[in-house]
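The values are calculated or read from the model by the stated rules, or taken from the named source; none is laboratory data. The structure presented is a predicted model; accordingly, all values stated were derived computationally and were not measured. Don't worry about glycine lacking a Cβ; one is built from the backbone with ideal geometry, like all the others, and counts go over all protein chains shown. Just so you know, the surface numbers come from the protein's heavy atoms only, side chains and all, with ligands and any DNA or RNA stripped out. Shrake-Rupley method; radii C 1.70, N 1.55, O 1.52, S 1.80 Å.
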Amino acid sequence: MDKLSGAVERITFYNSENGYTVLRLRPEVRGRQRLPGLSSDGLITVVGNLPEVSPGEHLRLEGIWDNHPKHGKQFKAEVCEQALPSTVAGMASYLGSGMVKGIGPKLAERIVEAFKETTFDVIEKQPQRLQEVSGIGLDRMGKIIAAWKEQKQVKEIMLFLHAHGVSTNLAVKIYKTYGDTSLQVVQDNPYQLERDIYGIGF
């Protein structure tokens with residue numbers, strides 16, 4: 001399988017039922033590496049059943065290059081690992097993408113302006129400091145903390161499933177079925193998956 005990594009520029013299409021996604025990725029290019037399917041704006045089209053991702057997020061993908069008759073060269077992702085963006089611009093677009101409820105693009109910019117590279121650390125370890133940003137009171141701070149925890153949980157579940165050889169497509173189905181209890185179900189009674197989710201067999 002081929003490997004590809006980079007930052008999500010935008011989501012073109014997302015189906016919440018099965019996670020089928022079409023997105024534009026700004027790839028990390030090492031040395032003089034020439035990537036197939038690179039458009040004039042430096043982006044690559046990625047398709048596949050992926051966990052919910054958002055602009056600014058960093059993805060490590062495994063899959064195959066495919067030649068679509070209408071859309072040309074694109075990367076069909078089989079495995080997707082998510083990582084939080086590490087640049088200030090990436091953090092702003094991640095927070096403002098709608099993934100973290102309670103934060104829109106304008107507020108995301110103010111938060112990142114206040115905390116720069118330490119933004120995610122502040123949200124994670126000193127969330128009360130969010131009140132230093134204009135427009136964030138106790139109520140909104142609570143919503144942001146809850147949304148951030150939820151996001152983190154989803155990522156942990158996906159990472160655990162990937163580490164156990166579960167494809168992203170299947171991981172999405174498992175998460176859609178069991179939500180926050182996914183880890184528990186997979187660890188305590190993996191055979192339940194066979195009963196509850198179409199397409200799983202042991």
*region 2-19, subset at pLDDT 90 or above and over 13 Å from the mean Cα position of the chain (by Cα), residue most open to solvent (accessible area, probe 1.4 Å)*: Lys3
*Within region 79-90, track down each residue that is buried (at least 16 other Cβ atoms within 10 Å of the Cβ) and either charged (D, E, K, R) or more than 20 Å from Glu156 (Cβ to Cβ) (or both).*
Glu81, Gly90
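Would a scan of region 137-150 turn up a residue that is under 27 Å from Val22 (Cβ atoms), of a type in the set (Lys, Arg) and under 20 Å from the mean Cα position of the chain (by Cα)? Before the answer, list the steps.
First, the residues of region 137-150 that are under 27 Å from Val22 (Cβ atoms): 147-148, 150.
If we keep only those that are of a type in the set (Lys, Arg) as well, we get none.
No - not one qualifying residue is present in region 137-150.
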*State whether one or more residues within region 135-153 are among the aromatic types (Phe, Trp, Tyr), at pLDDT 95 or above and either under 21 Å from Thr87 (Cβ atoms) or open to solvent by less than 50 Å² (accessible area, probe 1.4 Å) (or both).*
no
*If Val8 satisfies every condition in (1) touching a strand residue (DSSP E or B) at 6+ places or on another chain (Cβ under 7 Å); (2) over 26 Å from Ile103 (Cα atoms) but one, which is the exception?*
(2)
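Tell me yes or no: at least one residue of region 30-38 is closer than 21 Å to Leu84 by Cα and open to solvent by 40 Å² or more (accessible area, probe 1.4 Å). If you could, list the steps in order and put the result at the bottom.
Within region 30-38, the first condition is being closer than 21 Å to Leu84 by Cα, and the residues that meet it are 30.
Then keep just the ones that are open to solvent by 40 Å² or more (accessible area, probe 1.4 Å); that gives 30.
Within region 30-38, one or more residues are closer than 21 Å to Leu84 by Cα and open to solvent by 40 Å² or more (accessible area, probe 1.4 Å).
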*For region 30-149, please list each of the helices (runs of 4 or more DSSP H) lying entirely inside it that holds at least 1 residues being touching a Cys at 6+ places or on another chain (Cβ under 7 Å).*
none
_Test for Asn15: is it within 20 Å of Gln151 (Cβ to Cβ) and not aromatic (Phe, Trp, Tyr)_ = yes
_region 148-175 residues that are closer than 20 Å to Thr119 by Cβ, paired with ones that are open to solvent by less than 30 Å² (accessible area, probe 1.4 Å) and in a helix (DSSP H, G or I) (beta carbon under 7 Å, 6 or more apart)_ = Trp148/Ile123
